[in-house]
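Colleague: Take this structure first; my questions come after.
The values are calculated or read from the model by the stated rules, or taken from the named source; none is laboratory data. Note that the coordinates shown come from a computational prediction; the quantities given were computed from them, not determined experimentally. When we count neighbours, we look across all protein chains shown, and the Cβ atoms used for this are built from the backbone with ideal geometry, even at glycine. Surface accessibility is based on the protein's heavy atoms, side chains included, excluding ligands, DNA and RNA. Shrake-Rupley method; radii C 1.70, N 1.55, O 1.52, S 1.80 Å.
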Amino acid sequence: MADSKSNYNLLLAIAFIGIGSWKTYDYYTGDETMATYQVVLSILLIVIGFYQLWRWNVQREKP
């Protein structure tokens, strides 16, 4: 059961980083106009994704 939860957290972390990066990239290249709060939320998705990825890595290394 712990392995499936760990894999689920890894998948979510990768998805958050991917979606946040995609939205932020679209905004900064000028392809999409977004409100300021949407830009902040897309950057927050990237930060949350990296945090979850770090937490997944720490939990994986525990014996």
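Colleague: Nearest 0.05, what FRET efficiency do TRP22 and ARG55 give at R0 = 22 Å with Cβ-Cβ as r? List each step's numbers first, then the result.
Modeller: Numbers: r = 22 Å, r/R0 = 1.02.
The value I calculate is 0.45.
Colleague: Among [x] 4, 19, 23, 18, 12, 9, 7, 4, 2, 0; [y] 3, 13, 12, 19, 20, 15, 9, 5, 3, 1; [z] 3, 12, 12, 15, 15, 14, 17, 8, 3, 1, only one was calculated for this model; which label is it, if the read-out is P(r) over Cα pairs in 5 Å bins from 0, in percent?
Modeller: After the calculation, the listed value that fits is [x].
Colleague: Same structure again: Through the Karplus equation 6.51 cos²θ - 1.76 cosθ + 1.60, θ set to phi - 60°, convert the phi angles of the range 15-27 into ³J(HN,Hα) values in whole Hz; use x for Gly and Pro.
Modeller: 5, 4, 5, x, 5, x, 5, 4, 5, 5, 4, 4, 5
Colleague: What does the highest-first list of 34-44, 18-28 look like by mean Cβ count within 10 Å? Show your work: numbers first, answer last.
Modeller: Values: 34-44: 12.4, 18-28: 15.0.
With the highest mean Cβ count within 10 Å placed first, the list reads 18-28, 34-44.
Colleague: Which residue, chosen from VAL47, THR29, ASN7, occupies the Cα position most advanced towards the positive end of the dipole of the chain, where the dipole is computed from +1 (Lys, Arg) and -1 (Asp, Glu) charges on Cβ about the Cα centre?
Modeller: Of the listed residues, the answer is ASN7.
Colleague: Enter the accessible area per residue of the chain (Å², integer; probe 1.4 Å; all protein chains in place).
Modeller: Roughly 78 Å² per residue, with all protein chains present.
Colleague: Counting only helical runs of four or more DSSP H residues, what would the 222 nm mean residue ellipticity of the chain come to if each run contributes -39,500 (n - 2.57) and the total is spread over all its residues?
Modeller: Using -39500 (n - 2.57) per qualifying helix, the result is -30000 deg cm²/dmol.
Colleague: Once you place label points 7 Å from the Cα toward the Cβ at LEU41 and LEU11, how far apart are they in nm?
Modeller: 2.3
Colleague: If you plug each phi of the range 28-40 into the Karplus form 6.51 cos²θ - 1.76 cosθ + 1.60 with θ = phi - 60°, what whole-Hz ³J(HN,Hα) values come out, in order, with x for Gly and Pro?
Modeller: 6, 8, x, 6, 9, 9, 9, 6, 4, 5, 6, 5, 4
Colleague: Quick check: at a probe of 1.4 Å, how many percent of the accessible area of the range 1-59 sits on carbon and sulfur atoms?
Modeller: On the way: 2960 of 4360 Å².
That share works out to 68 percent.
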